[in-house]
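As structure tokens, the structure follows; a few thoughts come after it.
The values are calculated or read from the model by the stated rules, or taken from the named source; none is laboratory data. Please read all numbers here as calculations on a predicted model, not as lab measurements. Here the Cβ positions follow ideal geometry from the backbone for every residue, glycine too, while neighbour counts run over all protein chains shown. When the accessible area is computed, the model is the full protein with side chains, heavy atoms only, and any ligands, DNA or RNA have been set aside. Shrake-Rupley method; radii C 1.70, N 1.55, O 1.52, S 1.80 Å.
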Amino acid sequence: TQSKQSGIGGCLFFVLGIVLDILLFPILSVELKTKAPGAKTFLQIIYTRYGKPAHVVFCCIALFANIVTITALLVAGKSAISVLTKDASDEFIAFVLAVLFGSYCFLGGLGTTFYISYFNTAITFVGLIAIVVSIAYTDNINESMSKYVSIDAMYDAMSCIKSTEGNYEDSLLTFRTRSGAIYGLSLFFMATSLSFIDQANWQSRIAAKPVQGVIGFFIAAIMFFCLPATIALPATLTYASMAYENGTHLLSQNEIVNGFITPFVLEKIMGSTGAYLLITSITMALMSTGSGEVMAVSSIVVYDIYKVYINPFRRLLTPTSCILCGLQKVGGKHEVCSCPTSAECIDCSKDLKRKSKTRDFAVQYTCPVHGDYRHYEDLLMHHKSWCIVWVTISVIPYALVVYASNINLTWVIFFMQGTISPFAIPLLLAIIWSRCTSPGVITGCVVGLIGCIAANFVVTEVVYEGGLSNFFINTIQDYSLLAGCVAGISLSSVCTIVTSLLTNKIKTEEDVAHEWDKTISINNPLNPWQRLYEEELAQFPPGTKPTAAIMGQIFRSARNVAVYGGLSFVFLFLVVVPAVVLSFGVLTREQFSSYLTFSYVICFLAAVFVVIAPPTEEMYQIVKTWKSSRNTEIQKEKVPKTELSRL
């Protein structure tokens, strides 16, 4: 849609908005690992620091973010399936998408989904490369369509079509587009906010160790940079060439805003082959993303609602109380918990051996310290499995409601994501700022949301013809979106900071350390986070209690990579790339050809990396682990010999 309205500049600024969002997340991820290495969700940090009121607010926000993403997936899925399959009913599409979303949630949890996501991504990139090669470098297309897909045909068609107001010389062949730049800026605000708030992003992105995770973000940003220009832009230009030759649009305005252009063009120029390739790529993307959202919703329902409010294991006095004994885990004037971890418990070892030999769910644990809680955790896992089933089933009626409302994809992506923008700064401050308080984040979220919606509606009514009566069109115009995002983010930031400064009780450095001790105490006694970082913690004297300062030393290299690497890439994509492309006016035929060729080359390199790098890295880790275990066995064998020599 952006390529059609603003030309190649709209496509580029759309990409830059997403890329900058990807580059900023590593910094937040490292901060979370430093302040709360045991946290699996951002909601755990909110609950531990602020208690139930703020936790309830952010649970609602997190669920809303999941609903926004699921809605976008449902609408996008329908757009592709409707074009590529004839006479597909809404009920059939809803059922297929629900099956895709819930397909591999039961295949072993989050760890297994990483492996399946690799295959999905690899298949997707292979399909994209096949499409690019078929269109740009072979004659494997319909003869009647060959005149539309050449670079010369696309360039001629774009040269004859005038853009919307705001493009340089009213051309679609320029990067100087006011509308595209505004949309790109708005999308950056919205995508960043959704990344921060969506639990599906957190559960996968913080699973990796900090250094590997940071480097992965940088690679993802580079890979994403090439995708829209590789597929969406050529498809849009080919459609423009076809429409120009035909003398009228081949799709309705509603079909265009719902994303029908790419599947329509590929089906036309490649026939059934193009349809199969695209539907395969879309299926893989929907399966991976949709299943993540289903698991995120299930996790919030079970672990942040059921576990905390409906059926808690123990009615805790404070969020920092030990789940096993009820005593405080954070030091102070009160008695502090001294419960041993399960790794040090002999009874737990016996229980785990007994459980491994039976398939009985209701195995009786004998450990007097951890046994009851281990049974409670098994019960939660059982509930989560059923919750995944019911969330998957509920996708079907929700999809039918969405389809009946005729909501278009562009409105879902821009307006609904725009309403999430006020929540990003309060969450960010809750993770990195010790003086941030519960009244601060609640006030910031509420006032920011009101301001975001009000600003969007005011600009929509005043600036655009038809005002709010043309709701689904005018509320996603460039100035409406920008006004909503800027107002929401500004108000939420100011209210959070001012309210926190007025209500916080931080007076000394000891108070700051005590505040972060709360988040450091987030842990699962059955699987403590210290196990994951045994190698890093070994550099400190035995018995050293981990603090935020110590974790900061451990993750110093990761933070440096995230900050300096992130700033370097941000400078590249925010300053260098725009400066270079904006130096051109209307592109010549040679410049236009070079731009597309450059995008194709980056896409080829990304595909090679996606297919080869993950299994190579996995094999390296397997060999490294095998060597480490072998060395340990050798050391154990040497001990008896040494003792005999002493005798």
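For the stretch 335-347, the criterion of a residue being open to solvent by 80 Å² or more (accessible area, probe 1.4 Å), of a type outside the set (A, V, I, L, M, F, W, C), modelled with pLDDT under 75 and out of contact with any helix residue (DSSP H, G or I) (no Cβ under 6 Å at 6 or more places or on another chain) is satisfied by at least one position.
Among residues of the stretch 210-238 that are free of Cβ contacts under 8 Å to residues at least 40 places away in the same chain, those with a Cβ under 7 angstrom from a residue that is assigned to a helix (DSSP H, G or I), sequence gap 6+ or separate chain, pair up as Ala235/Ile261; Ala235/Thr262; Ala235/Val265; Ala235/Leu266. Would a scan of the stretch 246-263 turn up a residue that is among the hydroxyl-bearing types (Ser, Thr, Tyr) and modelled with pLDDT under 75? Within the stretch 246-263, one or more residues are among the hydroxyl-bearing types (Ser, Thr, Tyr) and modelled with pLDDT under 75.
Test Lys268 against the stated conditions and say whether it is over 29 Å from Asn406 (Cβ atoms), basic (Lys, Arg) and assigned to a helix (DSSP H, G or I).
No; evaluated as a whole, the condition is false for this residue.
When Ser490, Ser500, Ser469 are checked against the criterion of being within 26 Å of the chain's Cα centre (by Cα) and among the small types (Gly, Ala, Ser), Ser490 stands alone in meeting it. Sub-6 Å Cβ pairs linking a first residue in the stretch 514-531 that is closer than 12 Å to Lys35 by Cβ to a second residue that is modelled with pLDDT of 85 or more and open to solvent by 40 Å² or more (accessible area, probe 1.4 Å), at least 6 apart or interchain, are Ile522/Gln44, ordered by first then second residue. For the stretch 533-561, the set of residues classified as without any contact (Cβ under 8 Å) to a residue 24 or more places away in the chain and assigned to a loop (DSSP other than H, G, I, E, B) consists of Ala538, Gln539, Phe540, Pro541, Pro542, Gly543, Thr544, Lys545, listed by residue number. Among the conditions (1) under 15 Å from Ala487 (Cα atoms); (2) over 19 Å from the mean Cα position of the chain (by Cα), Cys436 misses just one, which is (1).
Among residues of the stretch 38-53 that are at positive phi, those with a Cβ under 9 angstrom from a residue that is of a type in the set (Val, Ile, Thr) and surrounded by fewer than 21 Cβ atoms within 10 Å (Cβ to Cβ), sequence gap 6+ or separate chain, pair up as Gly51/Thr318.
To keep it simple, each residue is scored yes or no on (1) modelled with pLDDT of 85 or more; (2) assigned to a helix (DSSP H, G or I).
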{"residue": "Lys355", "(1), (2)": "no, yes"}
{"residue": "Phe361", "(1), (2)": "no, no"}
{"residue": "Val369", "(1), (2)": "no, no"}
{"residue": "Glu377", "(1), (2)": "yes, yes"}
{"residue": "Met381", "(1), (2)": "yes, yes"}
{"residue": "Ile393", "(1), (2)": "yes, yes"}
{"residue": "Leu428", "(1), (2)": "yes, yes"}
{"residue": "Gly440", "(1), (2)": "yes, yes"}
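Test Val308 against the criterion of being farther than 16 Å from Ala76 by Cβ, open to solvent by less than 50 Å² (accessible area, probe 1.4 Å) and part of a helix (DSSP H, G or I), and give yes or no. When the stated conditions are applied, Val308 passes them. Each residue in the stretch 26-76 was checked for being over 24 Å from Ile413 (Cα atoms), open to solvent by 20 Å² or more (accessible area, probe 1.4 Å) and assigned to a helix (DSSP H, G or I), and 9 of them qualify.
All of Thr192, Thr280 fail the test of being at pLDDT 75 or above and buried (at least 23 other Cβ atoms within 10 Å of the Cβ), apart from Thr192. Of the residues making up the stretch 31-39, not a single one is of a type in the set (Lys, Arg), more than 22 Å from the chain's Cα centre (by Cα), at pLDDT 85 or above and under 25 Å from Ser521 (Cβ atoms).
If you go through the stretch 565-592 and keep only what is within 19 Å of Lys162 (Cα to Cα), open to solvent by 70 Å² or more (accessible area, probe 1.4 Å) and not in a helix (DSSP H, G or I), you end up with just Phe584.
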